[in-house]
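> Quick one: this structure, given as structure tokens, is what I'll be asking you about.
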Amino acid sequence: MVSLQNINLVFAHKFEAQAALDFFSLEIVDNREFKIYQNSSGMQAVVTGMGFENAKSATAKLGERALEIGMKNGLNMGVAARAWLNIGIGGHPEADIGSGFLASKIIHRNSGDTQFPAPVLTGVEKAAIVTVDKPELGYPENAVYEMEAAGFWASAIEYTSLEFVQVLKIVSDNKKQSIDTVTKELVVDLIKEKLETISDCCAQLQSLVNEYNNAYSLDVASLEIIKSCLESYHFTVTQKIQLKRLVQRYSAIHLFAQLRKIVELTFSSSNELIGELSKYLSRQ
Amino acid sequence: MFSAIYIEDEVREHDRVKELLERFSSIPHIDCQRYGEVFNRKGQNFRIQKKSPALILAKKYGNLVLPSPDGYGFDGGKSYYFSHMLNCIYDCRYCFLQGMYRSANYVLFVNYEDFESQITESIKASDGPSIYYSGYDCDSLAFEPVSKFCDYFLPVFSIHTSAVLEIRTKSTQVRSLLDVKPLPNCIVAMSFTSDGASLRYEHKVPTIRKRIEVLQKLQQAGWLVALRFEPIIWDSNLLENYHKLFTEIFHRIDIDFLHSASIGEFRMPTSFHKNIVKLYPDEELFAREIQIDNGLVTLIDKEDSLRQLEQILLRYIKPEQYYRCA
């Protein structure tokens with residue numbers, strides 16, 4: 001299996017999570033407010049509890065956690081982006097039980113707010129998702145009815161670019177087979193049957209996130225140079241940003257050797273170093 | 001071709017929309033109230049979206065025909081531009097659209113009839129000849145198989161002979177032009193950069209050779225063509241590379257039937273440049289030294305190459321055929 005280190009999974013209920021937690025070897029790492037899971041590659045998951053508010057709070061909790069871990073691993077020079085996938089069950093008027101849908105839009109019934117996840121994933125049918133406060137028994141629109149996607153979205157987009165926030169719902173009930181027939185066992189089985197789809201969505205997201213992170217993260221050599229600068233001089237927050245951009249520019253213009261030479265010189269302050277780095281570029 | 005089609009409620013029943021939805025029935029169709037809900041949102045990444053853009057079908061309101069920016073085009077009357085589309089199917093790294101819009105999705109404004117009535121009003125209100133540019137916020141021809149832009153707008157300009165339509169493009173989609181009688185007041189203006197710059201910065205764009213072939217075909221069919229050499233991006237072999245390009249083009253193009261040729265340096269508003277730097281921090285072009293003048297970013301031309309380039313171009317064309325794009 002490809003490494004899915006930058007994926008965050010969000011489930012409402014432990015029965016929705018169970019099969020995926022086993023499949024991705026996710027183990028519990030935090031059992032306090034919300035159950036948070038992680039595997040050895042860095043994939044994370046949270047079980048939020050039912051409803052908009054729980055989904056919103058738990059997603060934010062996982063977002064903060066991922067951010068903290070990212071900060072610890074870096075030099076405060078930007079944290080690697082992560083992708084988010086909300087997985088759960090829902091009701092649909094017509095679709096067969098077990099059908100999977102990626103959200104083409106998310107309508108929060110209570111507020112009327114509508115969001116549009118970017119259609120970056122392929123291989124799964126798209127449908128509108130309606131987040132309701134109470135189970136919808138009438139299925140009035142051609143949409144998947146569930147209770148968490150809008151809350152999940154509201155928090156997840158605070159932590160990443162919106163292309164990386166996706167919702168996958170699996171139909172558990174419809175007009176022919178009402179919500180009363182949904183049992184714990186059925187939920188576990190429905191998710192289990194869709195593990196391949198879930199895995200494929202995660203792989204697609206990971207691939208996109210990799211591209212994003214490769215484009216926006218500094219490479220090892222750049223980070224080393226920045227680290228040595230930060231150890232030698234005091235930098236303000238603004239100066240750190242200036243330094244990062246200068247290192248990016250030297251790298252983009254293929255002047256890395258020159259960058260090393262300049263950084264190895266001795267300066268009286270970070271200001272003087274930044275000035276010298278800028279001056280050299282302006283002479284090019 | 002698109003990852004999805006978003007449809008504004010307002011245009012759901014428009015014939016042009018119905019036809020497109022039927023044609024692209026296998027692509028997800030998603031309803032929205034206004035195109036801005038998808039297009040103008042914060043927190044989007046143009047670069048990632050460019051990999052699988054969606055099409056948004058919408059209605060444009062307000063002023064659909066606007067005065068063109070100073071120095072945008074040639075002399076010949078009052079000039080205007082109109083944008084029936086936002087964004088482009090090509091992916092030119094130097095393009096200002098990347099910094100102008102938050103989304104890489106294509107917006108197609110399907111209310112061509114409203115554009116037509118405002119163009120007609122504008123023509124009637126002009127004392128003398130007037131010029132209308134299409135292709136400022138998109139490449140009009142590149143999307144022709146979907147937009148049918150020429151099918152609709154060429155007949156409009158065939159009625160109004162005092163007005164000139166310039167279609168600015170890098171596309172080779174010219175069937176809709178070759179299938180009809182040429183309009184003496186329509187100019188197909190093809191953009192070029194040097195071969196090296198094209199290979200480096202112009203992704204998904206037809207090759208220079210193909211673009212020249214298309215210009216030749218258009219000229220032979222009786223269409224007026226023009227050449228737009230922009231953006232000029234400085235490099236050590238700039239003059240040599242453009243000399244080569246000019247030779248290649250003017251060997252094939254009939255200069256006597258060339259409407260005009262222009263040169264324009266790389267330039268864009270500071271705010272767009274700032275956005276693009278964030279989008280492409282790893283891109284050499286945006287790591288270069290810049291100068292800012294009146295809110296406009298340009299690259300530094302240390303050797304006055306632009307003037308030298310003009311001198312080379314003027315060896316091939318008459319001075320009255322040339323203008324510098326400001």
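The values are calculated or read from the model by the stated rules, or taken from the named source; none is laboratory data. Worth saying up front: this structure is predicted, and the values here are computed from it rather than measured. A quick note on method: Cβ atoms are made from the backbone with ideal geometry, for glycine too, and the neighbour counts reach across all protein chains shown. Ligands, DNA and RNA are excluded from the accessible area calculation, which covers all protein heavy atoms including side chains. Shrake-Rupley method; radii C 1.70, N 1.55, O 1.52, S 1.80 Å.
> Here's a check for you: in the stretch A:91-113, which residue that is polar (S, T, N, Q) and open to solvent by less than 40 Å² (accessible area, probe 1.4 Å) is farthest from the other protein chains (Cβ to nearest Cβ)?
Selected residue: A:99.
> Right, next: Restricting to the stretch A:138-173, what's the tally of residues that are acidic (Asp, Glu), over 14 Å from the mean Cα position of the chain (by Cα) and either more than 12 Å from every other protein chain (Cβ to nearest Cβ) or under 21 Å from residue A:84 (Cα atoms) (or both)?
Qualifying residue count for the region: 3.
> Please enumerate the residues belonging to the stretch B:74-102 that are part of a loop (DSSP other than H, G, I, E, B), more than 25 Å from residue B:32 (Cα to Cα) and in contact with a Phe, Trp or Tyr (Cβ under 6 Å, 6 or more places away or on another chain).
B:74, B:93, B:94, B:96
> For the stretch A:1-41, please list each of the strands (runs of 3 or more DSSP E) lying entirely inside it that holds at least 1 residues being surrounded by fewer than 23 Cβ atoms within 10 Å (Cβ to Cβ).
It comes to A:27-30, A:35-38.
> Search the stretch A:206-216 for residues being buried (at least 19 other Cβ atoms within 10 Å of the Cβ) and within 11 Å of chain B (Cβ to nearest Cβ), and hand back the single one that is nearest to the chain's Cα centre (by Cα).
By that ranking, first place goes to A:209.
> Something else: Is the stretch B:48-58 home to any residue that is of a type in the set (D, E, K, R), in contact with a helix residue (DSSP H, G or I) (Cβ under 9 Å, 6 or more places away or on another chain) and part of a loop (DSSP other than H, G, I, E, B)?
Within the stretch B:48-58 (the criterion being of a type in the set (D, E, K, R), in contact with a helix residue (DSSP H, G or I) (Cβ under 9 Å, 6 or more places away or on another chain) and part of a loop (DSSP other than H, G, I, E, B)), the answer is yes, since at least one residue qualifies.
> Additional query: For the stretch B:55-73, state whether one or more residues are out of contact with any Pro (no Cβ under 7 Å at 6 or more places or on another chain), within 14 Å of chain A (Cβ to nearest Cβ), more than 30 Å from residue A:211 (Cα to Cα) and of a type in the set (A, V, I, L, M).
yes
> What is the residue count in the stretch B:289-301 for residues that are out of contact with any Asp or Glu (no Cβ under 6 Å at 6 or more places or on another chain), touching a residue at least 12 places away in the same chain (Cβ under 8 Å) and within 14 Å of chain A (Cβ to nearest Cβ)?
Matching residues across the stretch B:289-301 total 4.
> Would you tally the residues in the stretch A:128-137 being open to solvent by less than 50 Å² (accessible area, probe 1.4 Å) and either more than 9 Å from chain B (Cβ to nearest Cβ) or at positive phi (or both)?
Residues that pass the stated criteria total 5.
> Please count how many residues of the stretch A:219-257 are open to solvent by less than 60 Å² (accessible area, probe 1.4 Å), within 19 Å of residue B:286 (Cβ to Cβ) and not hydroxyl-bearing (Ser, Thr, Tyr).
The qualifying residues number 11.
> Right, here's the next one. Would you mention how many residues in the stretch A:114-126 are over 13 Å from residue A:205 (Cβ atoms) and open to solvent by less than 10 Å² (accessible area, probe 1.4 Å)?
The total comes to 1.
> Name the one entry in B:233, B:249, B:212 that is surrounded by 16 or more Cβ atoms within 10 Å (Cβ to Cβ), under 24 Å from residue B:149 (Cα atoms) and either of a type in the set (A, V, I, L, M, F, W, C) or in contact (Cβ under 8 Å) with a residue 40 or more places away in the chain (or both).
Result of the check over B:233, B:249, B:212: B:212.
> Applying the selection to the stretch B:170-224, what residues are more than 19 Å from residue B:144 (Cβ to Cβ) and touching a Cys at 6+ places or on another chain (Cβ under 8 Å)?
Listed by number, the residues that qualify are B:201, B:203.
> For a quick check of your reading of the model, give me the residue pairs whose first member lies in the stretch A:227-247 and is within 14 Å of another protein chain (Cβ to nearest Cβ), whose second is open to solvent by less than 40 Å² (accessible area, probe 1.4 Å) and among the hydroxyl-bearing types (Ser, Thr, Tyr), with beta-carbon atoms closer than 7 Å and at least 6 apart or on different chains.
A:247/A:222
> Mind checking which residues of the stretch B:1-15 are under 25 Å from the mean Cα position of the chain (by Cα) and surrounded by fewer than 17 Cβ atoms within 10 Å (Cβ to Cβ)?
B:1
> Same structure again: If residue B:45 meets every condition in (1) under 24 Å from residue B:90 (Cβ atoms); (2) more than 8 Å from chain A (Cβ to nearest Cβ); (3) touching a residue at least 40 places away in the same chain (Cβ under 8 Å); (4) not small (Gly, Ala, Ser) apart from one, which number is that one?
(2)
> When you go through (1) at pLDDT 95 or above; (2) open to solvent by 40 Å² or more (accessible area, probe 1.4 Å) one by one for residue B:70, which number turns out not to apply?
Going through the list (1) at pLDDT 95 or above; (2) open to solvent by 40 Å² or more (accessible area, probe 1.4 Å), residue B:70 breaks only (1).
> For the stretch B:299-306, indicate whether the set of residues that are in contact with a His (Cβ under 6 Å, 6 or more places away or on another chain) and closer than 30 Å to residue B:257 by Cβ is non-empty.
No - not one qualifying residue is present in the stretch B:299-306.
> Sticking with this structure for a sec: Show the residue pairs meeting these rules: Cβ distance below 7 Å; 6+ apart or different chains; first residue within the stretch A:186-200 and open to solvent by 70 Å² or more (accessible area, probe 1.4 Å); second residue part of a helix (DSSP H, G or I).
What qualifies is A:192/A:19.
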